[in-house]
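> Here's a structure for you.
The values are calculated or read from the model by the stated rules, or taken from the named source; none is laboratory data. All values derive from a computational prediction rather than experimental measurement. Using ideal geometry, Cβ is built from the backbone for each residue, glycine included, and neighbour counts are taken over all protein chains shown.
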Amino acid sequence: MPDMHKRAAIMAQQVEHLASDVMEGRAPGTEGGRMARRYVEDGFADLGLVQAGDDGTYSHHIASIGGANLIGAIPGSGPRSDRYVMLGAHYDHLGKYFGRVHPGADDNAAGIAILLDVARQLTELDSLDRTVLICAFDAEEPPYFLTEDMGSVHFVDRPTIDLDKLDTMVCIDMVGHALGPESLPADIRRTVFAMGAERSGLGPVVDELATLDDRVRPRRLDADVIPPLSDHYAFERSCIPFLFYTTARDRHYHTPSDTPERLDYPRMVGLADHFADLMWTLSTGPALTYDAGAHDDQTTLKTLVDVGRPSAALHQDPDLVNGLIDKLERRLRNHEPLNPFDRAGLRSTIIAIENALA
């Protein structure tokens, strides 16, 4: 395996290429979008991924918008090699607005660079049980978001595999930047949020893997404390076990300033190692049961308290944020369960924390 510095340099090169002006923001159906598709497709081919799209190719076409998902496979060699786990990240972005390219470095060129590094690591293993699908989704961004033309929705509606054999989906979106400004404690800045573990009993897996690497700090949240924000949505609505990883939106989200130099490439290498360990664990682990109504209130509260408290001073109204965190801390201390109204109310706290960290 290349050393960390070389891997970080490769990721930086990949992000810079995907986020360059020549890609014109990678909007589906545009020349820039097609160039990005060819670039990722070449990456799949260089890694020797098995073509798992339409008609023996990597492409899974979305004819209505001139886009395509890219699907590669790393075959398992165990008794469950006919079953699948998936790692996915979208490669499209917004294109041009008002004549300005929106480069989408963090959203989601960083995710694609990590995806390719994880795929490389997994191709070097001979101990996978389930087959791993590596998916680069198109058309995640508006105007296709949450429509039938969204790449991940298109895959679930017209799958290239038997969806009953897809055991878990892991989604990566906007994970390339450190959380908040440099004034925050390092443990907070290393945060990446992991959502959905409560639905399928994967909490202990995420927590154990979080102890293996100090470059990143996965912190769990229940999936329903935020609206659907990425490609995991299509799998969630189909009751397929999923994990959604993100560092949340910052002030550069969907702007021309989402550029490569803002990203933390050593962090991205750490995340790639985390995801490689995670995908191996999911490939070789026991079958999961999906429970759409499951919650882990205590872990969600702890994450919001741990991240929110040191972030409060950054908000334009620190007393407001501290007051919200005080209420969560009391519930956490008293082991109080949350009702649906409480969980809906958490969104205002999350928005306040997100604004403080932006």
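> Checking the condition in a helix (DSSP H, G or I), buried (at least 24 other Cβ atoms within 10 Å of the Cβ) and of a type in the set (A, V, I, L, M, F, W, C), which residue from 15, 85 passes?
15
> Ok, one more. Of the residues that sit in segment 225-254 and are out of contact with any helix residue (DSSP H, G or I) (no Cβ under 6 Å at 6 or more places or on another chain) and acidic (Asp, Glu), which one is surrounded by the fewest Cβ atoms within 10 Å (Cβ to Cβ)?
Filtering segment 225-254 for residues that are out of contact with any helix residue (DSSP H, G or I) (no Cβ under 6 Å at 6 or more places or on another chain) and acidic (Asp, Glu), the one surrounded by the fewest Cβ atoms within 10 Å (Cβ to Cβ) comes out as 250.
> Continuing with this model, one more query. Residues in segment 31-48: is at least one of a type in the set (Ser, Thr, Tyr) and part of a helix (DSSP H, G or I)? So that I can check it myself, show each step before the final result.
The first filter runs over segment 31-48 and keeps only residues of a type in the set (Ser, Thr, Tyr), leaving 39.
When the remaining residues are screened for being part of a helix (DSSP H, G or I), the result is 39.
Scanning segment 31-48 turns up at least one residue that is of a type in the set (Ser, Thr, Tyr) and part of a helix (DSSP H, G or I).
> Return the residue satisfying two criteria in turn: it lies in segment 264-312 and is in contact with a strand residue (DSSP E or B) (Cβ under 6 Å, 6 or more places away or on another chain) and of a type in the set (Ser, Thr, Tyr), and of such residues it is nearest to residue 7 (Cα to Cα).
The extreme case among them is 283.
> Taking only segment 55-70 into account, find how many residues are free of Cβ contacts under 8 Å to residues at least 60 places away in the same chain and either assigned to a loop (DSSP other than H, G, I, E, B) or under 30 Å from residue 257 (Cβ atoms) (or both).
4
Condition check ((1) within 17 Å of residue 44 (Cβ to Cβ); (2) out of contact with any helix residue (DSSP H, G or I) (no Cβ under 7 Å at 6 or more places or on another chain)) across all residues:
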residue: 68; (1), (2): yes, no
residue: 71; (1), (2): yes, yes
residue: 98; (1), (2): no, yes
residue: 114; (1), (2): yes, no
residue: 129; (1), (2): no, no
residue: 139; (1), (2): no, no
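> Still on this structure, please answer the following. Quick check, is residue 342 closer than 23 Å to residue 175 by Cα and in a helix (DSSP H, G or I)?
For residue 342, the condition - closer than 23 Å to residue 175 by Cα and in a helix (DSSP H, G or I) - is not met.
> Over 20 Å from residue 278 (Cα atoms), in contact (Cβ under 8 Å) with a residue 12 or more places away in the chain and either assigned by TED's automatic domain parsing to the domain that holds residue 170 or within 22 Å of the chain's Cα centre (by Cα) (or both) - does that describe any residue in segment 71-86?
Within segment 71-86, not a single residue is over 20 Å from residue 278 (Cα atoms), in contact (Cβ under 8 Å) with a residue 12 or more places away in the chain and either assigned by TED's automatic domain parsing to the domain that holds residue 170 or within 22 Å of the chain's Cα centre (by Cα) (or both).
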